[in-house]
1. Find, among the trypsin sites (Lys or Arg not before Pro) in segment 9-70, those assigned to loop by DSSP (not H, G, I, E, B) with at most 16 other beta-carbon atoms within 10 angstrom.
2. Out of the GluC sites (Glu not before Pro) in segment 50-158, which ones are loop residues according to DSSP with at most 12 other C-beta atoms within 10 Å?
3. Taking 0.36 nm per residue of separation and subtracting the Cα-Cα distance, what length does fully extending T82 through D101 add?
4. Rounded to the nearest percent, how much of the accessible area of segment 52-156 (1.4 Å probe, protein heavy atoms only) is carbon and sulfur?
5. Whole Å is fine, so just give me how far the alpha carbon centre of segment 102-137 lies from that of segment 12-38.
6. Calculate, for the chain, the solvent-accessible area per residue in square angstrom, rolling a 1.4 angstrom probe over the heavy atoms of the protein chains.
7. Starting from the Cα-Cα distance between D41 and T20, subtract it from 0.36 nm times their residue separation and give me the gain in nm to one decimal.
8. Relative to the present Cα-Cα distance, how much length would full extension add between T52 and D110 at 0.36 nm per residue of separation?
Amino acid sequence: MQFDDEGGDSHALRGSIDVTKLDAFRDAFTAIEPMASGEIDDRINPRELRLTIPYGIGEVESTIFTVRWTTADDYNIHYSDTSGRNLRWDIHPHDFSAPPDDRHFHPPPDASSADADVEASCLGDPSVDIVARAVHLLWRQALDEESMTHINAGTNQL
C-alpha cells in the first residue's frame with residue numbers, strides 16, 4: 001500500500017490495511033487512556049485509525065495518533081498535535097541509510113524524512129497490543145516531562 005504523508009513523501013507498506021489490527025490498537029490504547037477516542041475511516045475499505053486525545057504535551061489542546069497497520073504487520077504511527085509537532089514510528093521497507101532494518105523513527109518537530117534525521121525506532125515487538133501500550137507509555141512520559149526529548153527512548157528492542 002502506498003500513502004502520502006503530510007510532507008509529500010511516499011512510503012510503501014506491505015499488505016492491505018487490517019481493520020482487525022486497527023480495532024485491536026484502538027482497544028488497547030483506549031483501555032489505558034480513557035479520554036482517547038478513535039475511529040477507523042472506513043470499515044469496508046480502511047485506510048487508517050485516528051485516535052484523538054483532548055489534551056497534550058505543554059500547551060497543546062489536542063493530540064492525534066493516526067495509525068496504519070497492514071496484514072503483513074507493517075505499520076505507520078503518526079503523532080501530531082495542535083502545536084504543529086509531528087513524529088512517526090514506522091515498520092516498513094525504506095531507502096534510508098540507517099537503520100539497517102525496517103524499524104525507523106521520524107523525529108519531532110516535523111517527522112523529518114531527511115536521511116540524516118531518521119533513526120532507529122525504540123519499538124521492537126510487532127504485536128499490536130504491545131506497540132499500542134508502548135506508544136501510550138512513551139507519550140505519557142513525554143506528557144509528564146512536558147518534553148519530546150525522550151519520546152523514542154524506550155528500551156524494548158525485540
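The values are calculated or read from the model by the stated rules, or taken from the named source; none is laboratory data. Predicted model, so just to flag it, every value in this text is computed and none were measured. Cβ: placed from backbone, ideal geometry, glycine included. Neighbour counts: every protein chain shown. Surface areas here come from the heavy atoms of the whole protein model, side chains and all, with no ligands, DNA or RNA. Shrake-Rupley method; radii C 1.70, N 1.55, O 1.52, S 1.80 Å.
1. R14, R43, R47
2. Counting only loop positions with at most 12 other Cβ atoms within 10 Å, the GluC sites (Glu not before Pro) in segment 50-158 are E59, E61, E146.
3. Value of the extension gain: 3.7 nm.
4. Result for segment 52-156: 49 percent of the exposed heavy-atom area is carbon or sulfur.
5. Cα centres, segment 102-137 to segment 12-38: 16 Å.
6. Accessible surface, normalised per residue, equals 48 Å².
7. Length gained between D41 and T20: 6.2 nm.
8. So the chain would gain 19.0 nm between T52 and D110.
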